[in-house]
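Engineer: Okay, handing you the structure first.
The values are calculated or read from the model by the stated rules, or taken from the named source; none is laboratory data. None of the values given here were measured: they were computed from a predicted structure. As a convention, Cβ positions derive from the backbone with ideal geometry for all residues, glycine included, and neighbour counts pool all protein chains shown. For the accessible areas, the whole protein counts, side chains as well, though only heavy atoms, and no ligand, DNA or RNA atoms are used. Shrake-Rupley method; radii C 1.70, N 1.55, O 1.52, S 1.80 Å.
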Protein chains: 2
Amino acid sequence: LVKQAWLNGVFLAADEAKLSPFDRAFLFADSVYEVTAVYDGRPVDLDLHLDRLARSLRELGFTSVPDRAQLMQVHDRLIEDNALKEGYVYLQVTRGAYGGRDFPAPSVERPTYFAFAEARALIDTPTARNGIGVITVDDIRWARRDIKTTGLLAQALAKTEAKRRGEDDAWLVGSDGFITEGASANAWIVTADDKIVTRDLSTIILAGVTRARLATSLAAAGLSFVERPFSREEALVAREAFATSATTLVAPVVRIDGVRVGSGLPGPVTRRLQGIYYTAIGADPGKAAPWLTEES
Amino acid sequence: LVKQAWLNGVFLAADEAKLSPFDRAFLFADSVYEVTAVYDGRPVDLDLHLDRLARSLRELGFTSVPDRAQLMQVHDRLIEDNALKEGYVYLQVTRGAYGGRDFPAPSVERPTYFAFAEARALIDTPTARNGIGVITVDDIRWARRDIKTTGLLAQALAKTEAKRRGEDDAWLVGSDGFITEGASANAWIVTADDKIVTRDLSTIILAGVTRARLATSLAAAGLSFVERPFSREEALVAREAFATSATTLVAPVVRIDGVRVGSGLPGPVTRRLQGIYYTAIGADPGKAAPWLTEES
């Protein structure tokens, strides 16, 4: 359970955080959010998250602009108060509550701000070490997946179905047969001819911050990758697969719809990218993830 | 402003109604709702609304079943306490709050119930009398429009854009060029060859309660109608157009994207259907809507 929350400028016990059911996040999913990883007591790529938050708000026509310095302080304070070494900070901005229910956005905006932090191992986890199994489900989400809104019901249903089938997560497949992304992660494969592939950016998927950082880091390491759509069928015969997100970082995907990916174990490219990513966020892979070199 | 609310079994002042920001409606739009018209102090077709609510919950895999008798009593009490003659009751059921944020549905469900009532003229309104102008926008919603969820951001954006352009509402157009429905109403036209047409039911649109009741009533009056897709282009050259919803009942649409529909005034078929619908819910059109016969 989460212990502390920040709500509209006030730090308080999480179970004392209360807001109006007339909040537009509650009535209309009129709200956006970010989840920022915390490693070694520091937020990871908070600048990129706050950039994306600002973009989400702009795309939805929010007129108020969050105080960036304040949000950075809130992250720091939540990390400190919760003595967070590894974990994440959640931040949500809604279009606020107005004492009634009216679809059009209000002319004068009073947004709601909500945040909390939670400790969670990010690197030395069963997910990172052993990989995960995913199911594929139809991508039934709205058309603007580039905006990180709390309209997450399709994703929640996909993850509920994955859990029901004894798997860890879901990858979403568009009506054209191509995988868009995971329910809360970007999807990557290593193809039969050893290309690292992930979906190109558009309104079809979210521009993941972990995706962006990994892309920069692997390029810096002299590796190349290709941004293009890939189908469920291509993923099923891929050598390796993995997913990137703020809370799983680089997660090997070892099973898709019950079919083993490659050997069924995290592959060498995925292991190398995990190491590159861990290094990029300031970790020493040899200490933080000794299993990276133990297996192969 | 709404004065009174019902939250998890308790009637209280609306501004005292508070819930946890960990509620899944707030975090994930994991929630459904109904809006039931109130006419002459009685809820209109509450049975159909509660049937649809139960269906929405089933489709989303909710395991708890609302107490139907209790929900009916809540409607009665809200109507009484607010001395409602004409207006609506809003009811929302969410998958509840669990003190944290985890996508998959909880195994043991503790749903949140929220309701309120608001007085609003339904029949003798500028909308019903003079009609409304609508804009058309791309239908960017998720694929399960048959489930009445609070994932309403696309609809809120559409209505915000309509307001910005000085119009009253928005009709949504699928990527195939066919109108699906209004942002919070079903869409109907009267074609050049005098057919009454509305979209056939599927996962593409919501099965409107007002739509269903009007369909039954017009059939009883010896009128026929056709359920099929119609395009924006067909709507632009229609003789008449109108929208049905719980809060606007039968609303003439006299302008689409700035183009006059027919004469630009509510047409004779729409007027007849308004009369039929008002009668069906227990009104005397001659008294409640004298303008029905004043013009033509």
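Engineer: Within region B:253-269, how many residues turn out to be open to solvent by 60 Å² or more (accessible area, probe 1.4 Å) and not β-branched (Val, Ile, Thr)? Steps first, answer last, please.
Structural biologist: Taking region B:253-269 first, the residues open to solvent by 60 Å² or more (accessible area, probe 1.4 Å) are B:255, B:259-260, B:263, B:265, B:268.
Filter again for not β-branched (Val, Ile, Thr), leaving B:255, B:260, B:263, B:265, B:268.
Number satisfying all stated conditions: 5.
Engineer: How many of the residues in region B:34-45 are buried (at least 21 other Cβ atoms within 10 Å of the Cβ) and within 26 Å of A:Asp23 (Cβ to Cβ)? Break it down stepwise before answering.
Structural biologist: Applying the first criterion (buried (at least 21 other Cβ atoms within 10 Å of the Cβ)) to region B:34-45 yields B:34, B:36-38, B:43-44.
Checking the rest, the ones that are also within 26 Å of A:Asp23 (Cβ to Cβ) come to B:34, B:36-38, B:43.
Of the residues in region B:34-45, 5 are buried (at least 21 other Cβ atoms within 10 Å of the Cβ) and within 26 Å of A:Asp23 (Cβ to Cβ).
Engineer: Where the second residue is at pLDDT below 95 and part of a loop (DSSP other than H, G, I, E, B) and the first is facing chain B (nearest Cβ under 8 Å) and open to solvent by 10 Å² or more (accessible area, probe 1.4 Å) and lies in region A:91-105, which pairs have Cβ atoms under 8 Å and are six or more apart or on separate chains?
Structural biologist: A:Gly99/B:Leu1; A:Gly100/B:Leu1
Engineer: Right, another one. Would you check if A:Ala241 is among the hydrophobic types (A, V, I, L, M, F, W, C) and surrounded by fewer than 17 Cβ atoms within 10 Å (Cβ to Cβ)? Break it down into steps so the answer makes sense when it comes.
Structural biologist: Working: among the hydrophobic types (A, V, I, L, M, F, W, C): yes; surrounded by fewer than 17 Cβ atoms within 10 Å (Cβ to Cβ): no.
Here the answer is no, as A:Ala241 does not meet what is asked.
Engineer: Another question, if that's okay. Under the condition of being acidic (Asp, Glu) and more than 15 Å from the chain's Cα centre (by Cα), which residue from region A:168-207 is nearest to the other protein chains (Cβ to nearest Cβ)? Break it down into steps so the answer makes sense when it comes.
Structural biologist: In the first step, residues of region A:168-207 are kept if they are acidic (Asp, Glu); the result is A:168-169, A:176, A:181, A:193-194, A:200.
Keeping just the survivors that are more than 15 Å from the chain's Cα centre (by Cα) gives A:176, A:193-194, A:200.
On the way: A:Asp176: 12, A:Asp193: 34, A:Asp194: 33, A:Asp200: 20 Å.
The extreme case among them is A:Asp176.
Engineer: Looking at A:Glu294, is it more than 19 Å from the chain's Cα centre (by Cα) and under 24 Å from A:Gly166 (Cβ atoms)?
Structural biologist: Numbers: more than 19 Å from the chain's Cα centre (by Cα): yes; under 24 Å from A:Gly166 (Cβ atoms): no.
Judged against the criteria, A:Glu294 is not a match.
Engineer: Can you name every residue in region B:53-90 that is among the aromatic types (Phe, Trp, Tyr) and either farther than 20 Å from B:Thr247 by Cα or away from chain A (no Cβ under 14 Å) (or both)? Break it down stepwise before answering.
Structural biologist: Going through region B:53-90, the residues among the aromatic types (Phe, Trp, Tyr) turn out to be B:62, B:88, B:90.
B:Phe62, the sole residue that qualifies.
Engineer: Quick check on my filter: what residues within region B:281-296 are surrounded by fewer than 18 Cβ atoms within 10 Å (Cβ to Cβ), in a helix (DSSP H, G or I) and not polar (S, T, N, Q)?
Structural biologist: Within region B:281-296, the first condition is being surrounded by fewer than 18 Cβ atoms within 10 Å (Cβ to Cβ), and the residues that meet it are B:282, B:284, B:286-287, B:290-291, B:293-296.
Okay, now just the ones that are also in a helix (DSSP H, G or I), so B:286-287, B:291, B:293-294.
Across region B:281-296, the qualifying residues are B:Gly286, B:Lys287, B:Trp291, B:Glu294.
Engineer: Any residue in region B:179-201 that is hydrophobic (A, V, I, L, M, F, W, C) and at pLDDT below 95?
Structural biologist: Yes: region B:179-201 contains one or more residues that are hydrophobic (A, V, I, L, M, F, W, C) and at pLDDT below 95.
Engineer: Could you check region B:195-219 and list, in sequence order, the residues that are farther than 25 Å from B:Val35 by Cα and open to solvent by 40 Å² or more (accessible area, probe 1.4 Å)?
Structural biologist: Kept after step one, since they are farther than 25 Å from B:Val35 by Cα, are these residues of region B:195-219: B:195-196.
The one that is farther than 25 Å from B:Val35 by Cα and open to solvent by 40 Å² or more (accessible area, probe 1.4 Å): B:Lys195.
Engineer: Right, here's the next one. Filter region B:114-138 down to the residues that are open to solvent by 20 Å² or more (accessible area, probe 1.4 Å) and within 10 Å of chain A (Cβ to nearest Cβ), then identify the one that is nearest to A:Trp142 (Cα to Cα).
Structural biologist: In this case the residue turns out to be B:Asp138.
Engineer: OK, next. Residue under question is B:Ala192, and the condition is that it be assigned to a loop (DSSP other than H, G, I, E, B) and either open to solvent by 30 Å² or more (accessible area, probe 1.4 Å) or farther than 20 Å from B:Gln92 by Cβ (or both); does it hold?
Structural biologist: Details: assigned to a loop (DSSP other than H, G, I, E, B): yes; either open to solvent by 30 Å² or more (accessible area, probe 1.4 Å) or farther than 20 Å from B:Gln92 by Cβ (or both): yes.
Spelling it out, B:Ala192 is indeed assigned to a loop (DSSP other than H, G, I, E, B) and either open to solvent by 30 Å² or more (accessible area, probe 1.4 Å) or farther than 20 Å from B:Gln92 by Cβ (or both).
Engineer: I would also like to ask the following. Among the residues of region B:157-167, is any in contact with a strand residue (DSSP E or B) (Cβ under 7 Å, 6 or more places away or on another chain), within 7 Å of another protein chain (Cβ to nearest Cβ), charged (D, E, K, R) and open to solvent by 10 Å² or more (accessible area, probe 1.4 Å)? Break it down into steps so the answer makes sense when it comes.
Structural biologist: Filtering region B:157-167 for residues in contact with a strand residue (DSSP E or B) (Cβ under 7 Å, 6 or more places away or on another chain) gives B:158-159, B:161-162, B:165, B:167.
Add one more test, that the residue is within 7 Å of another protein chain (Cβ to nearest Cβ), and what stays is B:159.
After this cut, where a residue has to be charged (D, E, K, R) as well, the list is B:159.
If we keep only those that are open to solvent by 10 Å² or more (accessible area, probe 1.4 Å) too, we end up with B:159.
Yes, there is a match, as at least one residue in region B:157-167 is in contact with a strand residue (DSSP E or B) (Cβ under 7 Å, 6 or more places away or on another chain), within 7 Å of another protein chain (Cβ to nearest Cβ), charged (D, E, K, R) and open to solvent by 10 Å² or more (accessible area, probe 1.4 Å).
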